[in-house]
Amino acid sequence: MKLRNHFLLLFILFLTACGFHLRGQYEIPEGLQFVVLQGEVSEQLKEALKNEFNSVGITDSKNVENIPRACLNLSDELFDKNINTLAVSGQVSNYDLDYSVIFSVSSSDELKKLGNAVEITEQKVKIHRVLNVDQQAVLASNDEERTIRQEMYAELARMILFRIQTLTKIP
């Protein structure tokens, strides 16, 4: 019994020492407690980012005054749909779906004065999915595409938060 407890303790220490975290568990720096989203991107991506922010305790402070905050700048959003394969009949059987956005983080002067500034230069995040088209069920394929797009927005938002966490880690 003691050996099992020692092994379990050693295993837990090993996992934490190697940087393992459960999905959705982010260590966000203090300078990112209040964030403003800026940029011309889709409302779906903004909503996905706000949902991720809420889950980790980041407040969207667009309408709040007199708070030192960081700014998440989003640009060059690109959603691309290309034919991947054609069936013998000449109809599309697969599409490649590619989604990318460029982001950067800048801090307000108040955060810089407090020493909690977070600055990240432009980073590009992208995601790729394949959409299979069933010619016998075209409406179902359209619903599947909508679902995949929603999943891509959510995944891209998680990727942005993970990249921010990785780039702001104190060595």
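A short reminder: the numbers here are calculations on the coordinates, not readings from a lab. Everything quoted here is computed from the prediction, not taken from an experiment. Cβ coordinates were reconstructed from backbone atoms using ideal geometry, including for glycine residues, and neighbour counts include every protein chain displayed.
Counted by Cβ distance under 14 Å from residue 143, the other residues give a net charge of -2, where Lys and Arg count +1 and Asp and Glu count -1. Taking Cβ atoms as reference points and 13 Å as the exclusive limit, the residues near residue 119 contribute a net charge of -1, counting Lys and Arg as +1 and Asp and Glu as -1. Local charge for residue 78 was computed over the other residues whose Cβ lies under 15 Å away, with Lys and Arg +1 and Asp and Glu -1, and equals -2.
Ordering of 149-160, 70-81 by packing is 149-160, 70-81, highest average first (other Cβ atoms within 10 Å, averaged per residue).
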